[in-house]
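Step one of this worksheet: look at the structure below.
The values are calculated or read from the model by the stated rules, or taken from the named source; none is laboratory data. Values in this document were obtained by computation on a predicted structure and should not be read as measured data. For neighbour counting, all protein chains shown are included, and Cβ atoms are generated from backbone atoms with ideal geometry for every residue, glycine included.
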Amino acid sequence: MTAQTFTAVVRPASTFSPDKHNGGSYKLTAAAVTACSGLSQSNTVADVLNILSTVTADKHVVTNSSIGFATSVQS
């Protein structure tokens, strides 16, 4: 039996949920807090979601041996 290697497909983060298991417990980064403090009434919901999307994407980094919080022990 031989192992196959596949390239990971990176998809945009889409976990906007208050549920803890769906990303609602992610801590804001310092950059996200700074970006949020710069918001005003002229900003849109899309601007806020873009900030949250960045935080979520940072928590779901894809590498050769990991996807988000899951890691592979195979080498």
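Things to note:
- Hits in the range 65-75 (condition: modelled with pLDDT of 75 or more and either in a loop (DSSP other than H, G, I, E, B) or touching a strand residue (DSSP E or B) at 6+ places or on another chain (Cβ under 8 Å) (or both)): Ser65, Ser72, Val73
- Looking across the range 45-64, the residues that are surrounded by 12 or more Cβ atoms within 10 Å (Cβ to Cβ) and not in a helix (DSSP H, G or I) come down to His60, Val62.
- The condition of being closer than 28 Å to Ala8 by Cβ and either assigned to a helix (DSSP H, G or I) or more than 17 Å from the chain's Cα centre (by Cα) (or both) does not hold for Ser42.
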